[in-house]
Amino acid sequence: MKFSTELDDDKLHEECGVFGVFLNDPARDAASLAYYGLLSLQHRGQESAGIAAARDGTIECRKGMGLVGDVFNADTVAQLKGSAAVGHVRYSTAGGSCVENAQPFVSRFKLGSIAVAHNGTLTNADVVRELLEDAGIGFTSSSDSEVIVNLIAKNYKKGLEKALTDTIKFIKGSYALVVLTGDAMVAARDPNGIRPLCLGKVDGGWILASESCAIDAVDGEFVRDIEPGELILINKDGVLSFSFSEKTPRAVCSFEYVYFARPDSIIDKVDVYGSRIRAGEILGRESAVSADLVVGVPDSGVPAAIGYGRATGTLFGLGIVKSKYVGRTFIAPDQAVREKAVSVKHNVICREVRGKRVVIIDDSIVRGTTSRRLVSILRKAGAREVHIRVCSPPVRFPCYFGIDTPHRKDLISNENSVSELCKSLGADSLAFISVAGLLESLDANEENSYCLGCFTGEYPIPVSGEEERVRG
Ligand code: SF4
């Protein structure tokens, strides 16, 4: 019997979610808030989870493979004592799926201990790793995040602030970082702000999180996004902010809004749900087709289908149902069964689509396997026509900033024109939102600009080669 990840292979994958909590009262424990925060960030990574907590200058960490609820229970959370904690959920590429790469990473050294939770990918990780190895520093994992923790530890004798700013000036790429020390918590976001990170308040303390939905989950109050190139230091005296880089153009990952983030999150002042509705409206304006019904591919396609329906006057319905209980790992005895596996994850409500001209709205097409199967099961259920509309432009290029992308040859839009792809998927018509349309849905302007690298091949930071790396 084989374990397959095929059911989710047709999506790009977020790599990580980070969460931090700092309570002013040293008698309170922070780990349970971190646990709930991580539960609400579970969509950002399902392969491993971890929490580190600090008490009296000592950091204890527990981490393991699996979902947050698999790694932790009430007893294990209660064992993590201390009024400050950082947590992490991680998705990984196949080669990097091991507990050594689970986070937070903890480093214990003469002057103290630190724990680091990181979301992103460093574009110069190999160079930094080599320099550290030359200096006699050993590594236990292949993760970029351990590079960061070791670099901070190496500089720690200069004092925490200096160690962090020196580290941050040295590393390149995308990072949303939360660092826990014995008596403080620090956050940093890369100069382009590629990965999201925000600050919240909770009764008697502060929260840092990849997405605002995690602040809501612990009944906190959203304060603001961490700015690109900003470092935040939280300790018993409050919150201090520093800017560590020249102002560079903001390049927030546009895919966060298309697919990764939860619809109830607000990232850099743009609400994710609203941007998906707008993307559907724009798709309707750009590529309307005569139809009886529009349905969204759950989950992220649904708001866009509502928007498309509004813009075109097409009836919106729930024609496709997704099982919420199929995890990433799916036991498939053989290839033939795997080919049919779409009906395990997605099924069609036959009476809703029978005899109708149906438009399906999906957030993206990566390999094309899901779209092909959806067209097939919709036709089998009696749909008269099946039209596909996609609320992101064709994905043609890999991501180097923390998102697991298939090799370029496996990105179906890299190999095929839209009409070839339409034919290969068996659809009656196919259209993608334009790049300008996506930017419009995100309220882009000079201040609010986005990374579009996987659509256009133009990246906000220079990248070299397509080497495979285990990301944070
Ligand atoms: S390349 Fe694509 S997935 Fe990667 S950060 Fe840019 S927009 Fe996001």
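The values are calculated or read from the model by the stated rules, or taken from the named source; none is laboratory data. Since we're looking at a predicted model, the values are computed, not measured. Note that we place each Cβ from the backbone using ideal geometry, even for glycine, and neighbour counts take in every protein chain shown. Note: accessible area is taken over every heavy atom of the protein model, side chains too, but ligands, DNA and RNA are not part of it. Shrake-Rupley method; radii C 1.70, N 1.55, O 1.52, S 1.80 Å.
Taking the simple approach of a point 7 Å from Cα along Cα-to-Cβ for both Lys169 and Ile137, what is their distance in nm? So the label points at Lys169 and Ile137 sit 1.6 nm apart. Mind checking which lysines have their Cα closer than 18 Å to the Cα of Lys236? Skip sequence neighbours fewer than 8 apart in that chain. Correct list for Lys236: Lys81, Lys201. Normalised Debye scattering of the range 360-406 at q = 0.18, 0.20, 0.21 Å⁻¹ gives log10 I(q)/I(0) of -0.63, -0.72, -0.77, counting only Cα atoms as equal scatterers and leaving out solvent. Each listed q (0.17, 0.20, 0.28 Å⁻¹) maps to a log10 I(q)/I(0) for the range 76-142 from the Debye sum over equal C-alpha point scatterers, namely -0.83, -1.10, -1.44. With helices as the sole contributors, the chain gives -7500 deg cm²/dmol at 222 nm; each DSSP H run of n ≥ 4 counts as -39500 (n - 2.57), and the sum is divided by every residue.
Seen from Ser441, the other residues with C-beta closer than 13 Å to its C-beta sum to a net charge of -4, counting Lys and Arg as +1 and Asp and Glu as -1.
Its residue count N sets the reference 2.2 N^0.38 Å, and the alpha-carbon radius of gyration of the range 155-267 equals 1.07 times that reference. Relative contact order for the chain: 16 percent, from Cα pairs under 8 Å spaced at least 6 residues apart, divided by residue count. Couplings 3J(HN,Hα) for the range 42-54, derived from phi with the Karplus relation 6.51 cos²θ - 1.76 cosθ + 1.60 (θ = phi - 60°), are 4, 4, 8, x, 10, 8, 8, 8, x, 9, 10, 10, 10 Hz, where x marks Gly and Pro.
Enter the accessible area per residue of the range 205-310 (Å², integer; probe 1.4 Å; all protein chains in place). Could the numbers behind the result be given before it?
Working: 3980 Å² over 106 residues.
Each residue of the range 205-310 exposes 38 Å² on average to a 1.4 Å probe.
Other residues whose C-beta falls under 15 angstrom from the C-beta of Gly57 contribute a net charge of +2, scoring Lys and Arg +1 and Asp and Glu -1. Were the residues from Thr248 through Asn124 laid out at 0.36 nm apart, the gain over their Cα-Cα distance would be 42.8 nm. Per the 1.4 Å probe, what fraction of the accessible area of the chain, in percent, lies on carbon and sulfur atoms? Summing carbon and sulfur atoms, their accessible area is 51 percent of the total for the chain.
If you take all other residues with their beta carbon under 11 Å from the beta carbon of Gly284, and give Lys and Arg +1 and Asp and Glu -1, the sum is +2. Across all directions, the average flat footprint of the convex hull enclosing the Cα atoms of the range 221-264 is 4.5 nm². Computed over the alpha-carbon pairs of the range 111-220, the distance histogram in 5 Å steps reads 2, 12, 22, 22, 19, 12, 7, 3, 1, 0 percent, short to long.
Averaged over its residues, the range 347-452 has an accessible area of 41 Å² per residue, based on protein heavy atoms and a 1.4 Å probe.
Expressed in nm to one decimal, what extension gain is obtained for the pair Val99 and Ala436 from 0.36 nm per residue of sequence separation less their Cα-Cα distance? List each step's numbers first, then the result.
Working: separation 337, 0.36 × 337 = 121.32 nm, distance 4.15 nm.
So the extension gain works out to 117.2 nm.
Checking a compactness column here: for the chain, what do you get for Rg(Cα) / (2.2 N^0.38 Å), N being the number of residues? Working it through for the chain, the quotient is 0.98. Put simply, the Cα atoms of the range 135-191 extend 25, 25, 18 Å along their principal axes, the longest span coming first.
Length gain on complete extension for the stretch Asp183 to Asp292, per 0.36 nm per residue less the alpha carbon to alpha carbon distance?
Here the answer is 33.2 nm.
For the range 46-95, count all C-alpha to C-alpha pairs, find those more than 17 Å apart, and express that count as a whole percent of the total.
Working: 436 of 1225 pairs.
That fraction is 36 percent.
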